[in-house]
Amino acid sequence: MLMRTDPFRELDRLTQQVFGQNAGTWSRPTAMPMDAYRAGEEFVVAFDLPGVNPDAIELDVERNVLTVKAERRPTATGEHVEMQVAERPLGVFSRQLFLGETLDTEHIDAAYDAGVLTLRIPIAEKAKPRRIAIANTDSGHQQINA
């Protein structure tokens with residue numbers, strides 16, 4: 001109901017992790033880790049983006065494809081800065097999700113807090129269960145679950 005991901009992109013992400021190729025570019029971004037779950041009447045997707053400035057995050061929806069792109073830039077720059085340890089990967093990170101037709105892509109809510117981009121995607125009204133009244137000409141009306 002929620003989404004599926006591109007298996008080739010996932011294979012590329014794993015290959016990059018194994019061979020130590022961490023820096024992504026705009027033409028070949030690195031995938032970002034995520035969690036996705038259903039909470040009541042909405043789906044929640046949380047992307048790990050620690051150290052990313054919220055201004056460097058792009059979020060687009062076209063039809064049923066959700067695209068998240070972010071860029072982690074060096075935090076300490078300047079003429080007199082000499083980096084001692086740099087373990088966090090820099091560069092561009094991206095993830096595309098194919099959303100199901102039962103999700104309301106017009107009302108996606110996004111929040112960024114403590115390095116986590118959280119998206120809340122409501123379930124479309126047409127996908128929610130509803131009661132349908134049944135007319136009984138003999139004894140009145142009854143209702144059943146649809």
Heavy-atom accessible area ranking, 1.4 Å probe, most first, across Arg120, Arg131, Arg72: Arg131, Arg120, Arg72
Virtual spin-label span in nm between Val81 and Tyr112, 7 Å along Cα→Cβ: 1.7 nm
Modelled FRET efficiency - R0 35 Å, Glu125 with Glu58, Cβ distances, 0.05 increments: 0.80
Accessible area of Thr77 in the full protein assembly, 1.4 Å probe (Å², nearest 10): 100 Å²
Dipole-positive endmost among Leu59, Val44, Gly78 within segment 20-113 (Cβ charges, Cα centre): Gly78
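The values are calculated or read from the model by the stated rules, or taken from the named source; none is laboratory data. For clarity, every value in this text was computed on a predicted model and none was experimentally measured. Methodologically, a virtual Cβ is constructed for each residue, glycine included, from the backbone with ideal geometry; neighbour enumeration extends over all protein chains shown. Heavy atoms of the whole protein, side chains included, go into the accessibility calculation; ligands, DNA and RNA do not. Shrake-Rupley method; radii C 1.70, N 1.55, O 1.52, S 1.80 Å.
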